[in-house]
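Note sheet for the following structure.
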C-alpha cells in the first residue's frame with residue numbers, strides 16, 4: 001500500500017514566492033512612477049504660478065512707471081526655491097511691449113520649463 005502524501009512541494013512554494021515577488025515589484029514600480037509624475041505636475045504648476053506672478057509684477061511696473069517701461073526698462077527676477085525666472089521685454093511697436101516669462105527647473109529627468117507670454121500696452 002502506498003502512503004498518501006500531503007502538504008506543499010518545494011516547487012509549489014517557490015512558484016508562490018515568485019508570484020508574490022512579481023506582484024510586489026509591480027506595485028512598487030507603479031507607486032514610484034505615480035510619485036514621480038505627481039512631483040513633476042506639482043513643479044509644473046508651481047513654475048506656471050511663478051511665471052504668472054512675474055507677469056503681474058511687470059504689469060505693476062508698467063502701471064507705476066510707464067515712461068521707463070515703454071522706453072525699454074524691464075524688471076529682473078531672482079531664483080526662487082530651485083526655479084529660475086527669466087523675463088524678456090521686447091518692444092517692436094510704440095506703446096506695446098511683448099513680455100515673455102520663462103521659468104526653468106532641473107530634476108532627475110533633466111531641465112524643464114514653463115513659458116508665459118503677454119502683450120502690455122499703454123492704457
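The values are calculated or read from the model by the stated rules, or taken from the named source; none is laboratory data. Just so we're clear, the structure is a prediction, and the values are computed from it rather than from any experiment. Here the Cβ positions follow ideal geometry from the backbone for every residue, glycine too, while neighbour counts run over all protein chains shown.
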**Item:** Output for region 86-103, where each listed residue is touching a helix residue (DSSP H, G or I) at 6+ places or on another chain (Cβ under 9 Å) and under 20 Å from residue 65 (Cβ atoms)
**Value:** 87, 89, 91, 94, 95, 96, 97, 99, 101
**Asked** What are the residues in region 68-96 that are surrounded by 15 or more Cβ atoms within 10 Å (Cβ to Cβ), within 26 Å of residue 46 (Cβ to Cβ) and at pLDDT 90 or above, if any?
**Response** 83, 84, 85, 86, 87, 89
**Prompt:** Looking at this structure, is residue 39 modelled with pLDDT of 90 or more, surrounded by 12 or more Cβ atoms within 10 Å (Cβ to Cβ) and over 30 Å from residue 119 (Cβ atoms)?
**Reply:** yes
**Asked** Can you tell me how many residues in region 49-92 are in a helix (DSSP H, G or I) and more than 23 Å from the chain's Cα centre (by Cα)?
**Response** 11
**Asked** Considering only residues of region 102-123 that are more than 16 Å from residue 73 (Cβ to Cβ) and crowded, with 16+ Cβ neighbours inside 10 Å, which is farthest from the chain's Cα centre (by Cα)?
**Response** 116
